[in-house]
Every structure is written in structure tokens, then in C-alpha cells.
1. Could you check segment 38-55 and list, in sequence order, the residues that are within 16 Å of the ligand (Cβ to nearest atom) and in contact with a helix residue (DSSP H, G or I) (Cβ under 6 Å, 6 or more places away or on another chain)?
2. Let me confirm something: among Val85, Val8, Val58, which residue is within 16 Å of the ligand (Cβ to nearest atom), surrounded by fewer than 23 Cβ atoms within 10 Å (Cβ to Cβ) and hydrophobic (A, V, I, L, M, F, W, C)?
3. Return the total of residues in segment 105-132 being within 16 Å of the ligand (Cβ to nearest atom), of a type in the set (S, T, N, Q) and in contact (Cβ under 8 Å) with a residue 24 or more places away in the chain.
4. Working only within segment 128-179, note down all residues that are part of a strand (DSSP E or B) and open to solvent by less than 90 Å² (accessible area, probe 1.4 Å).
5. Counting only residues that are in contact (Cβ under 8 Å) with a residue 24 or more places away in the chain and either among the hydroxyl-bearing types (Ser, Thr, Tyr) or open to solvent by less than 90 Å² (accessible area, probe 1.4 Å) (or both), how many does segment 19-41 have?
6. Would you mind stating whether Gly137 is free of Cβ contacts under 8 Å to residues at least 60 places away in the same chain and not acidic (Asp, Glu)?
7. Find the residue count for segment 65-82, including only residues that are touching a residue at least 12 places away in the same chain (Cβ under 8 Å), near the ligand (Cβ under 9 Å from one of its atoms) and open to solvent by 50 Å² or more (accessible area, probe 1.4 Å).
8. Looking at segment 133-150, is at least one residue over 16 Å from Val5 (Cβ atoms), within 11 Å of the ligand (Cβ to nearest atom) and among the acidic types (Asp, Glu)?
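The values are calculated or read from the model by the stated rules, or taken from the named source; none is laboratory data. All values reported here derive from a predicted model rather than from experimental measurement. All Cβ positions, glycine included, derive from the backbone under ideal geometry; neighbour counts span all protein chains shown. Accessible surface areas use protein heavy atoms only, side chains included; no ligands, DNA or RNA. Shrake-Rupley method; radii C 1.70, N 1.55, O 1.52, S 1.80 Å.
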Amino acid sequence: MIKTVFLVGSLREKSYNMMIAKHIQKRYADRLEIEILDIDLPNYNQDLDMDGKRPEKVENFNAKVNEANAVFMITPEYNHGVSGVLKNAIDWVSRTPGLNNKPGLVASSSMGATAGARGYNNLIQVLDTMPMYLLPGNDIMIGSVHEKFDQDGNLIDEGTVQFIDLVVDKFIEFYNKVK
Ligand SMILES: Cc1cc2nc3c(=O)[nH]c(=O)nc-3n(C[C@H](O)[C@H](O)[C@H](O)COP(=O)(O)O)c2cc1C
């Protein structure tokens, strides 16, 4: 079992990005022990980013990322970039060893045809400042995402299900190589 944390860049109650994270969490439960983290954190403030001053919620978040063996992230595209909440969470954990040397998988989704690609690329650019091992060459970017779920939030688009299966299999293979 690979102990994995999942950071989802939307706080929206009916978030499609969250639905994808939950699909991944459920579907690969035999191989990945995934915890979807609460990233509704206070705004990053460097004055508070020191022992004894960090908000408790941030301390808990940082500890969970630090304890994980792998990190997954999915973001919507907000104004051509990564979501602010996800960037904020990354900023908090970036001053700890939490993401260092961790294999990671990054994804995006959007209701539009461009699948959140600019948000995805922006996220990759941010993570490029960290010594993570991101799965290369297998971008999960899901467009028209609102057409791919049923009323209960189940991913019903078979092509998308199969594509995610392929990428997660590749991630596990990659994880075993880099670890
Ligand atoms: C503030 C804001 C900015 C957005 N900017 C973009 C954008 O630049 N490109 C895009 O494709 N979609 C954009 N969208 C649409 C979101 O990608 C879409 O609402 C997405 O479904 C949100 O993800 P969620 O379902 O996980 O909440 C924007 C939405 C909001 C609320």
C-alpha cells in the first residue's frame, strides 16, 4: 500500500475535481491508501511560518504531507492559473521537507474543452521549484468534466475511467522505480 495524500484545489461543495479525487481514492483502494486532505487553510503568512506560531490546521496539514509516501494533486483552472487554495497549501508545506523526494501525480479538470490545461501547466511550474518526482509524460487533464458524472457523483465516462486506470498503473510502476 502506498500512503498517499490528495490535495484538491476546489473547496466547492459539488466540485468535479473532488469527485475525480474520490473516484481515484475508491477505485484503487487495494493499492493506494489515499487520504484527501483539508486544504481550506489560513492565508500563507511568513511571519506565522515558524515553530509555535503556525496555525494548528497548517501544522496538521504539514504533518500529513510529511508522513505520506506519495502526493496527488488536482486543480481547476482559475483565471488561467492554479487555484489559489492549492497554491496556498503548497506554499505552507513548501517550507518543510514534505514534498521533497516524493513521487507525485498531477491532474486538472474543467467544464471547458481546454481541460484546465493552463491551470495544470501553472501547477507544474510551481512544483518545479521542489525536488518532487512527478510522473512524466502522462497528463490527466479532463475536459467537459460536468458531462462525465452521474447524479450521485460517480464517474460514468468509460473512456475517462480507462484513461485514469492507465495513468494510475503507470504511476504505481513509476513509484516502485523511484523509491
Ligand atoms: C474564479 C473562477 C475563474 C475561472 N477561470 C477559468 C479559466 O481561466 N479557465 C477555465 O477553463 N475555467 C475557468 N473557470 C471555470 C472552472 O474551471 C470550473 O468552474 C471548474 O468546474 C471548477 O472546478 P470544480 O468543479 O472542481 O469546483 C473559472 C471559475 C471560477 C470560479
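1. Within segment 38-55, Ile39 is the sole residue that qualifies.
2. None of the others qualify; the one that does is Val85.
3. Summing the residues that are within 16 Å of the ligand (Cβ to nearest atom), of a type in the set (S, T, N, Q) and in contact (Cβ under 8 Å) with a residue 24 or more places away in the chain in segment 105-132 gives 5.
4. Leu134, Ile140, Met141, Ile142, Phe149, Leu155
5. Total satisfying the criteria: 15.
6. yes
7. So the count comes out to 2.
8. There is no residue in segment 133-150 that is over 16 Å from Val5 (Cβ atoms), within 11 Å of the ligand (Cβ to nearest atom) and among the acidic types (Asp, Glu).
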